[in-house]
Amino acid sequence: MSPSAAPIIGRHLTPALVMLLMPIAAWAQAPTAPSPWPADIELRRGIPPPGAPVGPPRQAPRPPAPEASWGTSSTPAKPAPPPEIRREAAAASVTLTAHLTQDGEQIDQGLVWRVFTEPPKAEAEARPTQPGLVGTWRDPAPVVQLPPGAYVINVAYGRAHLTRKVTIAEPRPLEERFVLNAGGLRVTVALTGGEKPPDTSVSYDVYQGDTDQLGARTKIVAGLRPGVIVRLNAGLFHIVSTVGDANATVSADVTVEAGKLTDAVLTHHAARVTLKLVTRAGGEAQADTQWSVHSIQGDLVRETQGALPTHILAAGQYVASARHGGRLYQRQFTVTAGEPAQVEVVMK
């Protein structure tokens, strides 16, 4: 307390109070010392640090609460369980083998295997569908992995084939033995008299031996060349052979036996005929000639163009027509089986 303030206090206060207030006044006039407490402790005690603005202490902002959407719960969803692992059904190891006959050896080449799934019976009756192809194998004895179920297995050996239903009940090793009852057919073609035509001019077709209600036959294979072995299921077959590009055809029925090679020799009663248009007998052939050959009944056999066309014609009677220079020349002739001939048409 300053000396000037003491007389003022002493005028209004008693000496006892003056003595009591003097230390307080001295403390108020003393310079303020820095607070020994850290600022965070001062704030926790409710005492602001020197120079801090007066007011309630600031609070740290809280993170915003997640917005709740309509129809959803604020409770966090549980994590989805891991997807269930699908286990494939155990498969059976099925060994496929094929034989020509019941007692024959196993076929070791030329086989084609096809395995199809068979739809359930109820589904097949409600909506008929084609069986689904599982796979194709060209091994002589493939080992196929098949889960339990019903299957349709086809094996083909050339034109011989066999289809059978196989049911797999449990996943264990199995062997399925297919007996084709098949044989081979080899055809040789010749003309009457022993002449052998070029293989490129000969072909034959193989038909089923039985006919339908209209007398038609089902064609099995077409365009075969002589000497080629075709594999067929055992049974009766009908062969039609053609030599050349005209009417020299012959047919025959043959029987193929299981496990054997059947050789069929077809002889054509025909001959090679060369056509020639001349101004005189033995003369030079005329070029740019249009030819047509008809049977004696008037049926067209062959049309061609050239100076010396050659055809193989079946034995019989024919009419040759040659058109040259705007004029038509004709001659009737006869074909004798096995006797090649040259037919001259003289321009008159």
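Key figures for this structure:
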quantity	calculated
Surface share of carbon and sulfur [accessible, 1.4 angstrom probe, percent] for segment 176-259	46
FRET efficiency estimate (nearest 0.05) - Cβ-Cβ, Ala315 to Glu257, R0 41 angstrom	0.80
With DNA, RNA and ligands ignored, accessible area of Val143 (1.4 Å probe; Å², nearest 10)	80
Cα gyration tensor, segment 202-348 - rounded (a/c under 1.5), prolate or oblate	prolate
Euclidean distance of C-alpha centroids, segment 273-331 and segment 147-201, integer Å	47
Solvent-accessible heavy-atom area per residue, rounded to whole Å², over segment 234-348 at 1.4 Å	52
Lys, Arg +1 and Asp, Glu -1 on Cβ, resulting dipole of segment 135-207 about Cα centre, debye, nearest 20	140
Prolate/oblate/rounded label for segment 157-197 (Cα gyration tensor, a/c 1.5)	prolate
Computed accessible area, Arg217, all protein chains, 1.4 angstrom probe, square angstrom	80
Segment 175-265: GluC sites (Glu not before Pro) in DSSP coil with no more than 16 other Cβ atoms inside 10 Å	Glu195, Glu257
Segment 159-168 - phi-based ³J(HN,Hα) in whole Hz, Karplus 6.51/-1.76/1.60, Gly and Pro as x	8, 8, 8, 8, 10, 9, 8, 10, 10, 9
Relative contact order (percent, whole number), segment 261-348, Cα cutoff 8 Å, 6+ residue spacing	38
Tensor-based shape of segment 263-348 (alpha-carbon gyration tensor, a/c under 1.5 rounded, otherwise prolate or oblate)	prolate
Relative contact order for segment 230-273, counting Cα pairs under 8 Å that sit 6 or more residues apart, in percent	36
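The values are calculated or read from the model by the stated rules, or taken from the named source; none is laboratory data. These numbers were taken from a predicted model, which means no experiment stands behind them. Here the Cβ is made from the backbone with ideal geometry for all residues, glycine too, and neighbour counts use every protein chain on show. Ligands, DNA and RNA are stripped out before the accessible areas are found, and what is left, the full protein with its side chains, is counted by its heavy atoms. Shrake-Rupley method; radii C 1.70, N 1.55, O 1.52, S 1.80 Å.
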